[in-house]
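A short reminder: the numbers here are calculations on the coordinates, not readings from a lab. The structure displayed is predicted, hence computed values, not measured ones. No Cβ is skipped: glycine too gets one built from the backbone with ideal geometry, and neighbour counts run over all protein chains shown.
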Amino acid sequence: MEVTDIMYDLAERLKSLRDEKKETEQRVKDLTAAIDDVERQLVSIMTDTETQNFTRAGTMFSLTTKTRASAAVDRKDELYAALKSEGYGDLVYETVNANSLSAFVNEQITENNETLPEWLDGLVNVYEQTKVSVRKSTHK
């Protein structure tokens, strides 16, 4: 088998795997929505009939209640500050989006004569990653 044949086979396999991944991700989203809908209906019926639990086909189904919380819209910064001031700062995690950080570092390198600025040295790991871009061709 020639190198170009291997390359074309690998390219087709890569495209196929990416397509399969995309379809699978959509299937997971659809299944999650279906699970949420059925669970909502089951919770409603069990609550209405005051059924705490039951067993069906060797599986026990029981109602559980958990208290959940999320930050109020547009008040995350205030929440984080309050948690820190009350001694619960260990609940707060600062993060930086990996793609945003990469774009920022690339920009800094470009503006600093193709070298990493000294103030970032040792704070970030910079490496090259070669990937294969796959998109529909405009040629037929």
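Restricting attention to the alpha-carbon atoms of region 1-64, what are Rg (one decimal) and Dmax (integer), both in Å?
22.4, 69
Over the chain, with a single point scatterer placed on each C-alpha, what log10 of the ratio I(q)/I(0) does the Debye formula yield at q = 0.14, 0.16 1/Å?
With no solvent term, the Cα-only Debye profile gives -1.08, -1.11.
For the chain, what is the calculated [θ] at 222 nm in deg cm²/dmol (nearest 500), taking -39500 (n - 2.57) for each run of four or more DSSP H residues and dividing by its residue count? Each step should come with its number before you reach the end.
Values: 3 runs with 70 residues, N = 140.
Per the formula, -17500 deg cm²/dmol.
Just to confirm a number: summing +1 for Lys and Arg and -1 for Asp and Glu over residues other than residue 6 whose beta-carbon lies under 14 angstrom from that of residue 6, what do you get?
-3
Mind checking the angle between helix 98-111 and the chain's longest principal axis? C-alpha axes, 0 to 90 degrees, to the nearest 10.
30
Considering lysine pairs in the chain that are 8 or more places apart or on different chains, how many have Cα atoms under 19 Å apart?
Lysine pairs, 8 or more places apart or on different chains, close enough: 9.
Along the Cα→Cβ direction, 7 angstrom out, place labels at residue 31 and residue 12. What is the inter-label distance in nm?
Distance between label points: 2.9 nm.
What FRET efficiency comes out for the pair residue 114/residue 62, r = Cβ-Cβ distance, R0 = 41 Å, nearest 0.05? Intermediate results must be reported in sequence, preceding the final value.
Details: r = 62 Å, r/R0 = 1.50.
For residue 114 and residue 62, the calculated efficiency is 0.10.
Return the whole-Å distance between the Cα centroid of region 108-140 and the Cα centroid of region 30-57.
Distance between centres, Cα-based: 48 Å.
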